[in-house]
Each structure stands twice: as C-alpha cells, then as structure tokens.
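Right, one structure below, let's go through it.
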Amino acid sequence: MAELATIARPYAEALFQVASSQDLKTWNEQLAALALVASDSQLRQFAEDPKVSTEQVFQVVSAASKQSLLPGVQNFLREVIANGRLSVLPAMVQQFHELANAASGVSDAHIYSAFPIEPAQLAEVVASLEKRFGRKLQAQVELEPGLIGGIRVVVGDEVLDTSVKARLERMKVALTA
C-alpha cells in the first residue's frame, strides 16, 4: 500500500499544480470518474494485454468515464497509460483530492449511520461536526445497520463513534474488567 502511495504522490502533486490554475472542481469530477473506471479489474487486465495499444486503452477508458475530458485530463490519462500506471490511478486521484481539499480548507467526513439521514438532519449534523472538528466538512453518508443506532464519523485519521454498538462494547469492557 505504501508503494502505491509513493508512486502516486508525484503524479498527484503535478496534477494539482496544473489543475489549481484551472477549474479545480471540473478536474476533480473528471479524475474521480477515471479512478472509478481504472478500479475495474477487467479493464486493468485489458490494459495489461501486450496486444492492446496505449491508444486503444485510452479510448476505452475515456469512453467508459462517460465524460468529455478536458485536454489536460486527456494528457494526464495518456501519460498514466503510457507509463503502465493505470492500476495506480485511483491512488493518484485520492491524493489529488486530498491536496485539493487541503488547499480549500475542507475535509472529507465519512458518516456511517444505522438509518437514513434526512437532508435537514444531515445539515444539522454537519454543522455540529464542523464545530467539533474545527474545519469545513464535505459529508458522505453510508448506511451501516450493524451500528444499531447513532453514527460513526471518520474525518481523516480522527474517528467519532457515538453508535449504540460502540456504547455496548464500552459497557462490555467495563463490566468484564
């Protein structure tokens, strides 16, 4: 895993330098679509076939992204394919996303909830979490019924677990100690 991060870092930094002088949001969206496509194992197998040209791989990946790619994004994708780094593309895009967030002062918040959260409730939760974590958050909600109730929030390497499952685990530890 560390090897992928090491390979991805220079690509992500170069991407960020180019994209920051342009429309960062559009770059982020297009790169996210490419990362999703590149994470497909069948596509990577196709790309590694020696009988397939880099142009063919480029055409398949760009068509699968279902977006009209910016010229800079096209150039980036061509370089990644030419250098045989398509399998590292998701890690590159993740690091690019982190650099873009850091530049804008925003962090990703992964909210795991036992039940669906209504938009009005989510706005309140995010406002409360922004105060708690001291920064602007971009929330993404995932359902996790195993939590029984409450939420678990992951922001970077920080975790706030207010779920019923976590409370029961803490009670179990306290009672068995």
Please work out the FRET efficiency for the pair GLU142 and ALA63, using the Cβ-Cβ distance as r and a Förster radius of 35 Å; give the result to the nearest 0.05.
-> 0.75
With springs connecting C-alpha atoms under 10 Å apart, model the chain as a Gaussian network and identify which of ARG85, ARG152, ARG132 has the largest mean-square fluctuation.
-> ARG132
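All other residues with a Cβ under 14 Å from the Cβ of LEU86 taken together, and with Lys, Arg as +1 and Asp, Glu as -1, what is their net charge? It would help to have the intermediate numbers written out before the result.
Details: positive: ARG44, ARG78, ARG85; negative: ASP40, GLU48, ASP49, GLU55, GLU79.
Around LEU86, the surrounding residues sum to -2.
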Estimated inter-spin distance, ASP40 and VAL52, nm [label 7 Å along Cα→Cβ] | 1.0
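Relative contact order for the chain: what is it in percent, counting Cα pairs under 8 Å that are at least 6 residues apart? Show your work: numbers first, answer last.
Numbers: 188 pairs, mean separation 36.4, N = 177.
Relative CO of the chain lands at 21 percent.
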Mind sorting out which of [x] 1.13; [y] 0.98; [z] 1.07 is the real Rg/Rh (Cα atoms, Kirkwood Rh) computed from the coordinates?
-> [z]
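Assuming 0.36 nm per residue, please report the length gained on full extension of the stretch GLU118 to ARG135 beyond their Cα-Cα distance.
Working: separation 17, 0.36 × 17 = 6.12 nm, distance 2.24 nm.
Difference between extended and current length: 3.9 nm.
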Helix 164-176 vs. the chain, principal-axis angle (Cα, 0 to 90°, nearest 10) = 60
Skip the ligands, DNA and RNA, and give the accessible area per residue of the chain with a 1.4 Å probe, whole Å².
-> 61
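For the chain, what % of the accessible area comes from carbon and sulfur atoms, probe 1.4 Å?
Details: 5960 of 10790 Å².
Solvent-exposed carbon and sulfur of the chain make up 55 percent of the total.
How high is the FRET efficiency from GLN22 to VAL106, r the C-beta distance, R0 25 Å, rounded to 0.05?
It comes out at approximately 0.85.
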Once the Cβ-Cβ distance between THR162 and GLU98 is put in as r, and R0 is 30 Å, what FRET efficiency do you end up with, to the nearest 0.05?
-> 0.75
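The values are calculated or read from the model by the stated rules, or taken from the named source; none is laboratory data. From a predicted model like this one, the values you see are computed outputs, not experimental measurements. We place every Cβ from the backbone using ideal geometry, glycine too, and count neighbours over all the protein chains shown. The accessibility values were calculated without ligands, DNA or RNA, using every heavy atom of the protein model including side chains. Shrake-Rupley method; radii C 1.70, N 1.55, O 1.52, S 1.80 Å.
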